[in-house]
Structure formats: structure tokens, C-alpha cells
RNA sequence: GCACUCGUAGCUUAAUAGGAUAAAGCGUCGGCUUGCGGAGCCGAAGACUGUGAGUUCGAUUCUCACCGGGUGCACCA
């Protein structure tokens, strides 16, 4: 539909690059464009007059006439398009036949996208700080997959670096048995180290020495490290299971241990690095230099990320690599991307850093180093608990078996947290507040889930008393029309959200749709009402689109709740 | 100090290839159920979009300055 309008417009104006927008106000049509104003300005014409001329041409276009019920030119020079009811209704049919594929496409066919997300640090508890990367990253994977891209999700675990030196030092100097250390113990050791090192900076030399040993494959260091990694991974695995998150790969940083030398050699060959204060660095124009090798010869995060890019390009030939990593690493990624470009590995647009805002306290950052993090698991548990409480209070859940209620509590609790995160634009910081996190009403996952359950229930009841679907359709009333028009937008919203790396656009849309449905529901009788066949179709389509949307966000929608 | 980033109703947010009357949720106030799920629906009050300039027919969106918060700037990741 959109393409036909664009085609008609470019025939009528001779302009190739036309942007169609979706107006906020329903009175402004399904699509609108400002192209007449842009051209009028260039040609020194009167915008509204020119817009009217374009509309006159468009009205003679037979292809457009088939899909549009009205085209109008409006002050100061907008052109608005209204889709015909017939087209909208046939779209409704498409929803109920395509079901969970409605909104999908093959536009990404043949292209691979790598998404680097979650990436927690080994030996630290899975904190709330990693929620954003994990949830947004997973959703981006879902979205790209839905649009036909081949997606490679990679959890770039922080399992290498001087931080392990600190732990190795702690464990060996205190004569601890690594096998017996839980993740809480490990984090505590890490925090303690940082505290002690504040007073005793030479402790860092010890840590670096131990990391150096690890890189040199010294057996004691290696053994302890392996134990720590194992402990952490099983802990993370548990969290991912609760969250319903999975990866295609979990190549941590250590995976690139034997791949860094190649990158270093290439940089040296191309003379991009130089010695500085005993270390080896890469310099840039306009931004500070990055350390390729430390003064003791050990590698850094920068070195590893370069090796990672090289590996990913060689292994998967992606058209795009998306890093869903916090904004505090902006400079780092600018350095890494700039280097990759200097090396000629990429042209420029392939590497994208989606720098999400921080989850922080009102008065500052949560620092793991200082042990101020909040355990994600605690938050999830609390949320499920609150979900359960609401369910038990509601009488619609009566009759559900206990096991079923538990499942719903999970979907609601986890869904609420995920939705809370996803509904914020990725770039905005989130102030952590226990009360604000557990939103179970208004613009929230439970509201959408509830609406889906409602549609399910209506459809189920309707089936019982055989509907004659062929009843003569009357002209759509306002609420029906609004709903059909909103339903038709879903595929475009998905593309928009993907292109802008913004799952929050899907949240906005789903909430809008659910509100429109609930409004419709409150005003009109569905079962045994007029237009029953159509209204049931609307009900089914709404449920279907809401469910597809939530699935793309990584949120479950229970049949009943 | 330099760089990046954010500043929108009391609170939490939405809206940017510049668009039409700045959109919601929470909270407050007032309504809706002898009918399909009230975790719902309708309505009201509440905003000179941090400040001041500039570009434009048009600015929350672009530019500049200032104020305020956040983050980052060499051997953490």
C-alpha cells in the first residue's frame, strides 16, 4: 500500500525521494507527505496551490483509486491519504491467515546481522545493570530475524583481563580453594581488592602480574580461572533461563586469546601503532589514543575487541554488527571502530554501537567495583511475587490450577520488568526505583497480556454459539475503523523499530492498539452484536498482533490470566 | 579542563531524515457494570519542551552560547 502511494507520488511530482509519514491525528489520514512543500520551496511556488495540483493528478491515477478512499491537500501544503475500507478489510483477512507471521517479511534475506549483547563479566553477580543489554539485544535479534535477516547473537562474556588478576591474587595470597567459592564470594573478593588497592596501589602490580601469568598459560592461574568461569556460567545460565534469553554463541573475550596476535601484527605492519610510556598505543584524530598493549606486554579490552571484529567478519561476513553495550563505553567503541576503518576492514556503517543509558541510583552510578550493584535475580523474584499477588486477588484467575497460576505469575512478573525496560528509549538513563519497576497497569506488559486474554476469552465464548460469519457487513463505525487502520500499521512499525534499533516503538504501538481495542470493546457488543462476524475478526486480529508484538519483545502472553 | 550525552505536566516517560492542536502512564478529582474478563472504559485539571539567541513558512527535533544532571578521558572492562 505504502509503495503504491509512493509510486503514484513520484509519478505525479517527478521526485524520487519521498518520505511518507504516519500522522498522529486520525483526521490526517493513514499516510501523509510534505513533499509538495519541499518542491514548492525549490521551485518558488505556493505550497498549497502546488499540493492541490499534485492531488488533482493523483486522483486520476487508477492504481491509487483502487486502494485509497480520499486524497486531500491541506494547509500549509500537506497531502493526506486515506485508505479505503475495502483495502483495510482485506488486510484484516491477511492477519487472521498469516497469524504469527503477520508483520514478518523477507527484506533482510541474504544479509547477516551480528548482535553482541548481554555480555556480563565473569566472577560478578548478574546485576540489574546488565538487564538493558540483555533485553534490548534479545529483542533486536528477534526483530531482525522476523524481517528475514540471518541473525547471530553472541554473548561477549567478560572472561579475560586484569580483573582476573585481582581474583587470582586474592585467591592465591589467601590460600583459598576456588572450587568452594560462590559467585557472591568472588564478587566480595573483587570488591575487597578494589578497596584495599585504593590505599595500596601497588596491589595492582600484583593483579597485573597474575593476569600476565594467565596469558602466559601458567597452570595454577589457568586452573583457577577455569573454575571461576564454570561457576559464573552456571549462575548466568540460570538467570537466562528465567529471562527466556538465549544465544547462538557465547564466545567470551578469552576466545580471542589466540587471535589477538594477528590483529596486533596487522596494526604494526600498517604502522598504526606507536610506543608511548612503555605501552603501545593507537592514536586518532580528535579522540584520545587507545592502548593496544600495556607496558608489561599484556593485552587490553581494545586489543580483544579488534580481534573480535576480525573474527566476526571472517566467520559470518555480516552486513552489520550491532553492539548493545552501555553508553559509558562510547569512547572505547569509537576507538575500536576507527581502528577497524583505518585497517580497511570496514567501510564505516557496518559497526553500530547501541549505547544504552545507565540504570543508576538517584545520586549516581552503581559501581560493581564498590559492591553497590543490585542483583537482577532479586528484582525478578520480587516482580514475580507481585504478579502472583495480583493474580490471586483477581477473581478471573479462580479455577486456574496452581501450576497454571505460577506460569502466569512468571509471565506477568518477568514481562513487566522486560516491558519496563523496553518501553524506554535505549538512550535514556533509568533511575532505579523499586516501586516504579513493577508496573502492572497502564502502559505495561500486564495490560497488554490482559487484553490478549480478553480476546481469547471472547473468541472462545463465540465459538460455542456458531456465528454466521456471512452477515451483511454494515459500514464500519468509528471505533471499528480506527482499529482496522491501527492493525494495518503493524508491519511498518516493525520495520521502523528495527531500523532505529528501538523496540520502544513497538511498545508505543502495542499500547495504542490495546487502548483502541478496549475502548471499542467497552462501547460495542461483540458477541451477538451487529457486525458480529467483523467484530470477531477484529478481536482475533487484535489478539494476534498484540501477541506477535510481545513475542518480538521477548514477552510471553498467557492464554488466560 | 576537554569530549560525549541528557534536560518535555507534580512524578515516570513518548514523539527527531524539521511538520499540522506536544502524546501517554502514574498520581489527583469526577463518572461507567441487572450484558462478551473492572488487571478495564470515559471525562477533567495539569507543559511558554532548562534559559537566551539564530536558521526556517514551520523547531521538542538543526546551529551557537549559557545553566543543570550524567558518563568518559592510559595500562578496569
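In this structure, is residue A:56 in contact (Cβ under 8 Å) with a residue 12 or more places away in the chain and either assigned to a helix (DSSP H, G or I) or not assigned by TED's automatic domain parsing to the domain that holds residue A:153 (or both)? Criteria not met by residue A:56.
Figure legend. Inter-residue proximity from segment A:151-167: first residues touching a residue at least 24 places away in the same chain (Cβ under 8 Å) and at positive phi, second residues in a helix (DSSP H, G or I) and surrounded by fewer than 22 Cβ atoms within 10 Å (Cβ to Cβ), beta-carbon distance below 9 Å, spacing 6+ or different chains. Indicated pairs: A:161/A:301. In this structure, residue A:40 does not satisfy being within 11 Å of RNA strand B (Cβ to nearest atom), in a helix (DSSP H, G or I), in contact with a strand residue (DSSP E or B) (Cβ under 7 Å, 6 or more places away or on another chain) and more than 30 Å from residue A:188 (Cβ to Cβ).
Report the residue count in segment A:168-180 for those that are part of a helix (DSSP H, G or I), without any contact (Cβ under 8 Å) to a residue 40 or more places away in the chain and either in contact with a strand residue (DSSP E or B) (Cβ under 7 Å, 6 or more places away or on another chain) or surrounded by fewer than 18 Cβ atoms within 10 Å (Cβ to Cβ) (or both). Lay out the reasoning, then the answer.
Within segment A:168-180, the first condition is being part of a helix (DSSP H, G or I), and the residues that meet it are A:168-173, A:178-180.
From what is left, the residues that are without any contact (Cβ under 8 Å) to a residue 40 or more places away in the chain are A:170, A:173, A:180.
Right, trim to either in contact with a strand residue (DSSP E or B) (Cβ under 7 Å, 6 or more places away or on another chain) or surrounded by fewer than 18 Cβ atoms within 10 Å (Cβ to Cβ) (or both) and you get A:173, A:180.
Here the count works out to 2.
Identify, from the list A:493, A:439, A:484, the residue that is surrounded by 15 or more Cβ atoms within 10 Å (Cβ to Cβ) and modelled with pLDDT under 90.
Details: A:493 fails: modelled with pLDDT under 90; A:484 fails: modelled with pLDDT under 90.
Going through A:493, A:439, A:484 in turn, just one is surrounded by 15 or more Cβ atoms within 10 Å (Cβ to Cβ) and modelled with pLDDT under 90: A:439.
Once segment A:422-448 is narrowed to residues that are in a helix (DSSP H, G or I) and within 7 Å of RNA strand B (Cβ to nearest atom), the residue that is nearest to residue A:354 (Cα to Cα) is A:436.
Does segment A:44-57 contain at least one residue that is within 26 Å of residue A:543 (Cα to Cα) and more than 27 Å from the chain's Cα centre (by Cα)? For segment A:44-57, residues within 26 Å of residue A:543 (Cα to Cα) and more than 27 Å from the chain's Cα centre (by Cα): absent. Give segment A:485-502 a look and list any residue that's closer than 14 Å to residue A:422 by Cβ, near RNA strand B (Cβ under 10 Å from one of its atoms) and not in a loop (DSSP other than H, G, I, E, B), or say none. A:497, the sole residue that qualifies. As a summary of the residue check, residue A:147 satisfies the conditions (1) in contact with a strand residue (DSSP E or B) (Cβ under 8 Å, 6 or more places away or on another chain); (2) within 30 Å of residue A:487 (Cβ to Cβ); (3) buried (at least 20 other Cβ atoms within 10 Å of the Cβ) except for the one numbered (1). Among the residues making up segment A:78-107, those that are within 22 Å of residue A:150 (Cα to Cα) and part of a helix (DSSP H, G or I) are A:98, A:99, A:100, A:101. Of all the listed residues (A:427, A:383, A:444), the sole one being over 30 Å from residue A:190 (Cα atoms) and either surrounded by fewer than 16 Cβ atoms within 10 Å (Cβ to Cβ) or in contact (Cβ under 8 Å) with a residue 12 or more places away in the chain (or both) is A:444.
For the subset of segment A:509-525 comprising residues that are without any contact (Cβ under 8 Å) to a residue 40 or more places away in the chain and closer than 12 Å to residue A:539 by Cα, which member is nearest to RNA strand B (Cβ to nearest atom)?
First, pick out the residues of segment A:509-525 that are without any contact (Cβ under 8 Å) to a residue 40 or more places away in the chain: A:512-513, A:515-516, A:522, A:525.
From what's left, closer than 12 Å to residue A:539 by Cα: A:513, A:516, A:525.
Working: A:513: 11, A:516: 8, A:525: 4 Å.
It comes out as A:525.
Would segment A:351-360 turn up any residue that is more than 14 Å from RNA strand B (Cβ to nearest atom) and touching a strand residue (DSSP E or B) at 6+ places or on another chain (Cβ under 9 Å)? Yes: one or more hits.
Every residue, every condition in (1) surrounded by fewer than 18 Cβ atoms within 10 Å (Cβ to Cβ); (2) in the same structural domain as residue A:497 (by TED's automatic domain parsing); (3) free of Cβ contacts under 8 Å to residues at least 24 places away in the same chain, yes or no:
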{"residue": "A:116", "(1), (2), (3)": "no, no, no"}
{"residue": "A:133", "(1), (2), (3)": "no, no, no"}
{"residue": "A:182", "(1), (2), (3)": "yes, no, no"}
{"residue": "A:185", "(1), (2), (3)": "yes, no, yes"}
{"residue": "A:219", "(1), (2), (3)": "yes, no, yes"}
{"residue": "A:222", "(1), (2), (3)": "yes, no, yes"}
{"residue": "A:228", "(1), (2), (3)": "no, no, no"}
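Does segment A:5-25 contain at least one residue that is over 35 Å from the mean Cα position of the chain (by Cα), exposed (fewer than 11 other Cβ atoms within 10 Å of the Cβ) and assigned to a loop (DSSP other than H, G, I, E, B)? Yes, segment A:5-25 contains a residue that is over 35 Å from the mean Cα position of the chain (by Cα), exposed (fewer than 11 other Cβ atoms within 10 Å of the Cβ) and assigned to a loop (DSSP other than H, G, I, E, B).
Can you confirm whether residue A:206 is within 16 Å of RNA strand B (Cβ to nearest atom) and crowded, with 17+ Cβ neighbours inside 10 Å? In short, yes. Within segment A:125-156, the set of residues being modelled with pLDDT of 95 or more and either more than 30 Å from residue A:423 (Cβ to Cβ) or not in a helix (DSSP H, G or I) (or both) comprises A:147, A:148, A:149, A:150, A:151, A:152, A:153, A:154, A:155, A:156.
Filtered by the rule that a residue be crowded, with 17+ Cβ neighbours inside 10 Å and farther than 23 Å from residue A:1 by Cα, segment A:49-64 gives a lone residue, A:50.
Would you say residue A:254 is touching a helix residue (DSSP H, G or I) at 6+ places or on another chain (Cβ under 7 Å) and within 15 Å of RNA strand B (Cβ to nearest atom)? For residue A:254, the condition - touching a helix residue (DSSP H, G or I) at 6+ places or on another chain (Cβ under 7 Å) and within 15 Å of RNA strand B (Cβ to nearest atom) - is not met. In segment A:291-340, the qualifying residues are those that are part of a loop (DSSP other than H, G, I, E, B) and touching a helix residue (DSSP H, G or I) at 6+ places or on another chain (Cβ under 7 Å), and the one that is surrounded by the fewest Cβ atoms within 10 Å (Cβ to Cβ) is A:296.
The values are calculated or read from the model by the stated rules, or taken from the named source; none is laboratory data. Note that the structure is a prediction, hence the values are computed from the model and not measured. Glycine gets a Cβ as well: all are built from the backbone with ideal geometry, and neighbour counts include every protein chain shown.
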